[in-house]
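Undergrad: Submitted below is the structure of interest, expressed as structure tokens.
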């Protein structure tokens, strides 16, 4: 499965979640993520978003990100960002190749191929 790992220094977890949810005002009922990135329909359960308020000291660290996500992370490009500046970190499972990897204050740092989730 393909996982898009991303972050935002500008958008909170609630703002990113809103962009992932279907926009009821859009005539086709699509999510802003679909329009911006070229993602397919993103069903609930195919993404998770974490805010910096969810971690101690309101600062993301590689160890905390590893604890939050349900899959193994070695050394993704995300860890080379200025983590202390991030307001949100997220992942999205989508088999479609997205058109762009940066838009509206959101950056996809890694596209990972995974065998599955670790729910242990």
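Undergrad: Obtain the nm distance between the two label points defined at residue 80 and residue 99 by a simple spin-label model: each point lies 7 Å from its Cα along the Cα-to-C-beta direction.
TA: Inter-label distance under the simple model: 2.8 nm.
Undergrad: Another one. Gain in length, residue 53 to residue 113, computed as 0.36 nm per residue apart minus the alpha-carbon separation, to one decimal in nm?
TA: 18.8 nm
Undergrad: Output the relative contact order of the chain, whole-number percent, from Cα pairs under 8 angstrom with separation of 6+ residues.
TA: Computed value for the chain: 49 percent relative contact order.
Undergrad: How would you classify segment 8-111 from its alpha-carbon gyration tensor, with a ≥ b ≥ c the square roots of the eigenvalues: rounded for a/c under 1.5, else prolate if a/b is greater than b/c, otherwise oblate?
TA: Verdict is prolate for segment 8-111.
Undergrad: Based on the Cβ-Cβ distance of residue 67 and residue 25, what FRET efficiency does E = 1/(1 + (r/R0)^6) give at R0 = 35 Å, to the nearest 0.05?
TA: Working: r = 36 Å, r/R0 = 1.03.
Using R0 = 35 Å, I get an efficiency of 0.45.
Undergrad: Name the shape class, rounded, prolate or oblate, that the alpha-carbon gyration tensor gives for segment 69-120, where a ≥ b ≥ c are the square roots of its eigenvalues, rounded holds for a/c under 1.5, and otherwise prolate holds if a/b is larger than b/c and oblate otherwise. Mind showing how you got there, number by number?
TA: Values: a/c = 1.98, a/b = 1.20, b/c = 1.66.
Oblate is the answer for segment 69-120, as a/c is 1.5 or above yet b/c matches or exceeds a/b.
Taken together, the values in this text are just the output of simple stated rules run on the coordinates, not laboratory data. Keep in mind it's a predicted model, so treat the numbers as computed, not measured. Because the Cβ atoms are built from the backbone with ideal geometry, glycine has one as well, and the counts that use them run over all protein chains shown.
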